[in-house]
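K.L.:
Below you'll find the structure I mean.
Each value in this text was obtained by applying a stated rule to the coordinates, not by laboratory testing. All of these numbers come straight from a predicted model, not from anything done at the bench. Counting neighbours? That spans all protein chains shown, and the Cβs are built from the backbone with ideal geometry, glycine included.
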Amino acid sequence: MKTRLTSVETKLNISSDVFLVLFHFTGGKVAFSAALTFNTEYVQAGPSELNLVFRNIITNVGNVYSSNTGFFTAPVKGVYFFRFTVADILSSRTMYTALYRNQQRIMLLGEYDMDHHVSYLVGGVTLQLEAGDWVNLRLPGNQRLYNDESNHCIFSGFLLFTL
C-alpha cells in the first residue's frame with residue numbers, strides 16, 4: 001500500500017509540475033542548469049535507483065526544471081538538448097549515471113578509474129519531446145557521486161527548436 005501511495009504522490013507532483021511549467025512558459029525561451037547541493041560530499045544510492053534532484057538552480061528560463069522533484073518538463077513539442085556532468089573520487093571502482101525520458105532509460109554511462117582523484121562522467125543527448133514529457137537523471141543502485149562547493153555535478157538542458 002505504501003508503494004502505491006508513493007507512486008500516486010509522485011504522479012501528482014509530476015502533474016502539478018507539468019501544469020506549472022505550461023502555465024509559466026513564456027516566449028519560446030527554455031533553458032536550465034542546476035547543480036547538486038553540497039551539504040554532504042557524497043550522494044549515495046541505496047540498493048535501488050535514486051532520482052537525482054539538482055537543487056542549486058543556476059538558470060531556469062521558463063521555469064522548466066523543478067528543484068523539488070529533479071524533473072525537467074517540456075513545455076512544448078520540440079527538440080531539446082540535455083547535458084550532464086557528474087563526478088566521484090574513484091579508487092578501483094566505477095560510477096554510473098542514467099538519463100531517462102519519462103520511464104524510458106535513454107542512456108547509461110559509466111567510468112572506471114583507480115587513481116583516487118576526482119573523475120568526471122559527461123553525457124549529452126538531443127531528444128524530441130512532446131509537451132509534458134519529462135527528463136531526469138538517476139543514480140543506479142549502490143552508486144555514489146561526489147560534489148562540493150565547486151559544483152562538480154550539473155544537469156542542463158535547453159530547447160533547440162519547436163515542432
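K.L.:
What's the local net charge at residue 41, with K and R +1, D and E -1, over the other residues with C-beta under 12 Å away? Walk me through the intermediate numbers first.
P.N.:
Values: positive: 144; negative: 88, 148, 149.
Surrounding charge for residue 41 is -2.
K.L.:
For residue 120 and residue 77, FRET efficiency with R0 = 30 Å and r from the beta-carbon atoms, rounded to 0.05?
P.N.:
On the way: r = 33 Å, r/R0 = 1.09.
The computed FRET efficiency comes out at 0.35.
K.L.:
Calculate, for residue 29 and residue 49, the FRET efficiency according to 1/(1 + (r/R0)^6) with r their C-beta to C-beta distance and R0 30 Å; round to the nearest 0.05.
P.N.:
On the way: r = 32 Å, r/R0 = 1.06.
For residue 29 and residue 49, the calculated efficiency is 0.40.
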